[in-house]
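What follows is a set of notes on a single structure, which appears directly below.
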Amino acid sequence: MYVCICNAITDKQIRQAADDGVSDLWQLQKELGVASSCGKCKQAAVEILGERKSHRDRRHNSIKAASSV
């Protein structure tokens, strides 16, 4: 779905950027241009980044726990 209508940025693009290492709104703006026009998408973009970070952290912790067994 489109998150940033002004710049035609989708949730999939934001998730991919997060997977590629983008961790905050400023980096996301630099990479994709999200929230650089009207700003109405800012909150949704930040939430998607946060969800992706939580997902990565949980996956990293479970891999780390499994390797220490």
Lone Cys, the chain, Cβ cut-off 4.7 Å -> Cys6, Cys38
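Distances over 16 Å make up what percent of all Cα-Cα pairs in the chain? Provide the component values of the computation, followed by the final result.
Numbers: 1052 of 2346 pairs.
For the chain, the share of Cα pairs beyond 16 Å comes to 45 percent.
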For the chain, give the magnitude of the charge dipole about the Cα centre (Cβ charges: +1 Lys/Arg, -1 Asp/Glu; no others), in debye to the nearest 20. 140
Treating the angle as unsigned and between 0 and 90°, give the value, to the nearest 10°, between the Cα long axis of helix 42-67 and the longest Cα principal axis of the chain. 10
Name the residues whose placed amide hydrogens come within less than 5 Å of the amide hydrogen of Ile9, ignoring near sequence neighbours (fewer than 5 apart) on the same chain. Val3, Cys4
How long is the gain from Val46 to Gln27 if the chain were fully straight, where each residue apart is worth 0.36 nm and the alpha carbon distance is subtracted? 5.7 nm
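Quick note: the coordinates plus some simple rules give every number you see, no bench work behind them. Note that the structure is a prediction, hence the values are computed from the model and not measured. Note that we place each Cβ from the backbone using ideal geometry, even for glycine, and neighbour counts take in every protein chain shown.
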